[in-house]
Structures are given as C-alpha cells and as structure tokens.
Amino acid sequence: MNAPTTQRQHAINWFEIPCEDLDRAASFYEAILDAPMERIKNETPMAFFPSDMAGTGGTLVKRSFQRPGRGGTMVYLNCDGDLDNVLRRVKQAGGLVLMPKTPVPGGHGHFACLRDSEGNHIGLHSH
C-alpha cells in the first residue's frame, strides 16, 4: 500500500531568479513592477520581491553556481490588474517582451513572457 500523498495549497513557496548584476536586475524589476525591492548585500547578494507573508516569496540572487539564461526555470510573477502597464515598461527598463498578453485557456486570466535584463525568461500572469 502506498503512503498518502500530501497536497499543498500552493505549488511554489519560494523562487530565485539568478543574475550577474544585482543592482541592474533589481532596477529592472522595480521599474516594470513599479515596486521597491529590499536589497541585501552580504556573502550572497539578494533583492527580495515584495510579497505578503502569507503569499509566495522570491528573490533575485547572485551566486557562482546559479547562472541567468533563457533555458532555465520559468517562474510567473503576479501582475493582477496591471499586466498591460507592466508590459509597457519592459523595453524601457532594459528587457524584451517575448510573448504579448495572451489568454489562458479556460478563463484563467492572461499571461505574457519577457526576457529580463539578465537574459532570464520570465512569465507574467494576471487573473
């Protein structure tokens, strides 16, 4: 008999987006999301995405074993109610919109994809 599997409320509880230049990457996300990031510069420089304590948190991180790039993990940042404005700010902030606002099948909102200032492919989602 198999042991019961645990079902969690959220599939993601933390994410990290690698970067080569923490200040450049943080400035990019602050510009497109129109929200400040808390920066910590110690042995592992990080910039934290603003989130509610009950929500999913994440950070930009500069580590020797993590490299930014377009073939890595894809995370989707929450842009509820502001996806159009976020997309308008991407190019000016140093990024590139790879996929414009697109409906999610089944009435689950819209998504878009971008390449950030570090070369990462990042998704955006709005209900």
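The values are calculated or read from the model by the stated rules, or taken from the named source; none is laboratory data. Please read all numbers here as calculations on a predicted model, not as lab measurements. Cβ sites come from the backbone with ideal geometry, for glycine too, and all protein chains shown count toward neighbours.
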| message | The conditions are (1) surrounded by 12 or more Cβ atoms within 10 Å (Cβ to Cβ); (2) at pLDDT 90 or above, and ARG63 fails exactly one of them. Which is it? | response | (2)
| field | Candidate set: region 71-83, residues that are surrounded by 12 or more Cβ atoms within 10 Å (Cβ to Cβ) and more than 12 Å from the chain's Cα centre (by Cα); chosen: the one nearest to ASP23 (Cα to Cα) | value | GLY72
| query | Across region 33-78, what is the number of residues that are under 16 Å from HIS121 (Cα atoms) and either in contact (Cβ under 8 Å) with a residue 60 or more places away in the chain or part of a loop (DSSP other than H, G, I, E, B) (or both)? | reply | 9
| request: Among the residues of region 94-127, write down those that are crowded, with 16+ Cβ neighbours inside 10 Å and in contact with a Ser or Thr (Cβ under 7 Å, 6 or more places away or on another chain). | output: GLY94, GLY95, HIS110, PHE111, ALA112
| request: Please state which of the following conditions ILE122 fails to meet, knowing it meets all the rest: (1) within 24 Å of GLN9 (Cβ to Cβ); (2) over 15 Å from the mean Cα position of the chain (by Cα). | output: (2)
| query | Counting only residues that are surrounded by 14 or more Cβ atoms within 10 Å (Cβ to Cβ) and over 21 Å from ASP23 (Cβ atoms), how many does region 46-60 have? | reply | 1
| task | Give the residues of region 66-110 that are at pLDDT below 90 and of a type in the set (A, V, I, L, M, F, W, C), sorted by residue number. | result | MET74
| message | Among (1) of a type outside the set (Ser, Thr, Tyr); (2) surrounded by fewer than 11 Cβ atoms within 10 Å (Cβ to Cβ); (3) in contact with a Leu (Cβ under 8 Å, 6 or more places away or on another chain), there is one condition ARG39 misses while meeting the rest; what is its number? | response | (2)
| message | Restricting to region 89-127, name every residue that is free of Cβ contacts under 8 Å to residues at least 24 places away in the same chain, of a type in the set (Val, Ile, Thr) and part of a strand (DSSP E or B). | response | VAL97, THR102
| Does VAL86 qualify as being out of contact with any Ser or Thr (no Cβ under 8 Å at 6 or more places or on another chain), under 16 Å from ILE17 (Cβ atoms) and not in a loop (DSSP other than H, G, I, E, B)? | yes
